[in-house]
1. Can you give the local net charge around residue 291? Use residues other than it whose beta-carbon is closer than 11 angstrom to its beta-carbon, Lys and Arg +1, Asp and Glu -1.
2. Residue by residue through segment 80-87, what is 3J(HN,Hα) from phi via Karplus (6.51 cos²θ - 1.76 cosθ + 1.60, θ = phi - 60°)? Round to whole Hz and write x for glycine and proline.
3. Using modelled amide H (1.01 Å from N, peptide plane; none on Pro or chain starts), what sits under 5 Å from the amide H of residue 285, excluding residues fewer than 5 places away?
4. Within straight cross-link reach of residue 60, meaning Cα distance under 18 Å, which aspartates and glutamates are found once same-chain residues fewer than 8 apart are removed?
5. At R0 = 25 Å, how high is the FRET efficiency between residue 198 and residue 383 if r is their beta carbon distance? Nearest 0.05 is fine.
6. In the chain, if the dipole is taken from +1 on Lys/Arg beta carbons and -1 on Asp/Glu beta carbons about the Cα centre, which of 291, 255, 213 is farthest to the positive end?
7. In a Gaussian network model over the chain where Cα atoms closer than 10 Å are linked, find which of 331, 122, 375 has the largest mean-square fluctuation.
8. Among 342, 360, 93, which one shows the highest mean-square fluctuation when the chain is modelled as a Gaussian network with alpha-carbon springs under 10 Å?
Amino acid sequence: MADYEYTAINSKGQTINGRLTAGTRQAAVIEIRNLGHKPLTVKESKAKGRGFAIGKGKVKQKDLVIFTRELSTMISAGVPLTRGLATLQAQVENKYFKTILASVNHDVEAGSPLADSMAKFPDAFNEVYVNMIRAGEAGGILDDILKRLASQVEKDASIRKKIRSAMAYPVVILTVTVIAFFGIMIFILPKIGKIIKDLGGPNAHLPVYSQVMLNASGFMQKNFIFIILIMVGSIWGFRHYIHTDKGRYKWHGLLLRMPIIGNIVGKVAIARFSRTFSSLMGAGVSVLEALDVTGKAVGNKVIQHELTEIAQQVKNGQPLGKQLLEAKFFPPIVGQMMAVGEETGKIDVVLVKVADFYEEEVDAVIDGLASIIEPVMIIVLGSFVGLIAASVMGPIASLSKNIGG
C-alpha cells in the first residue's frame, strides 16, 4: 500500500485536494472517482504510508479460488461478511494475501463496499472480479456471484496450466540448444579448426560449409561480449516495446496471425470472452458494461478493440448477436449462439456452452501440439548437431586420405 495525494474536482465543481491509501495509482484513481470526484492529478506521496504495510508479493490462483469458494459458503450460511473475511484471513497461509484480506476487512468494517475495498489490489482481484463483486452486492446475490467467480478462476487457471505444460518442453530444449550452440561455436570449434589447419597446412582447401562454420565461430569468439549485449538489449527492448499500448496491440495482432499459435490464442480469448460475459450477464450487469469489462479480460488488445467497436454499434441500437456474426475474430457460432440467447433471454446459459466448447477445443489443440513439438525439436536439434559434425568430420576425412596417399 502507498499514500497518494490528489487534486480533483468535486460534484459542485470545486477544486479540492486530498490524500488516500491504495495498492496502485490506478486503484487510487478508481477510488477517487467512486467518491464522486473527477481526478486532475494523482501522485504518490513521499511521506511514510499509513494503514496496512503491504509489501510486494503474489496471490496464487489456488489461494484465490479457495478464498472465493469459502467466502461464498459462509455468506450462503448467513455468516456476516466481516466475520467471514476475518476467519478466512486467519486461515490463509500466503502472508501477502493475508495482509490484503486484513486491509479489505478493515475497509468493509469502516463502511466501504467489498468491491471498492478489493479494487485497491488489482494484482489480487482483477477488474472482472471486482465488477462481478460489485454487481453481486448491488443485486443482493453475492454468494451466487462468488460461486461463479470461483468456477471462472479455476477454468482460467486450468487453461494457463495446460499452455505452460505444453510450452515447457520446447522452451527447455530450445534453451539447451542455444547454450550448446554458443558453447561449441566459441570454445570447441576454434580448437578443432586449428587442428585441421595444422594438419592440412596454410593452403589446405576446406569445404564451403566447413569454412563458413569456422568463420562464424571466429567471429563469435572475437565478438562474444558484443553479441551477448546485443541479445540482452534486443530482449529488453522487445519486452519494453510490447508493454506499450502500441507495441502490445501489434504483438497481439501478430500472435493471432501466427500458424497454430494464432489458433490457440484465438480459442482461449473466445472461451474467456464467453465465460466472462456469461457471468456478468448472469449477475445483472448491463450489456454495454459487460462488453467493456469483458474486453479488458480477454487478454488480447486486438480482440478488445473489436469488442469496443461492437459495443459502439450495440449502443446505437444494433443487436449484439448480429455484430458478433460480422466480427473478424469471432467464429460464426458465437454470434449465432448470442442471437439465440438474446431471443430466449438466456445469454448467460447459452454462452457457458460456448465457453465449454472452446475450452475443449483448446485442450485438443494443445494436446495435439504437444505431440508434434517433440519430434520437431528432435529433428531441429539433430540437424544442428549433424551440421557441426559434417563441417568438422568432412575436412578431417579428406586430410586423412591425403595423408594416407
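1. Working: positive: 296, 315; negative: 289, 292, 306, 309.
Once positives and negatives cancel, what remains is -2.
2. Here the 3J(HN,Hα) series is x, 4, 5, 5, x, 5, 5, 5 Hz.
3. It is none; the list stays empty.
4. 70, 93, 123, 127, 154, 156
5. Calculated value: 0.30.
6. 213
7. Maximum fluctuation in the GNM of the chain, among the listed residues, is at 375.
8. 93
All of the numbers you see were taken from the coordinates with simple rules; none came from a lab. Since this is a predicted model, take the numbers as computed values, not measurements. With ideal geometry, Cβ positions are generated from the backbone for all residues, glycine too; neighbour counts draw on all protein chains shown.
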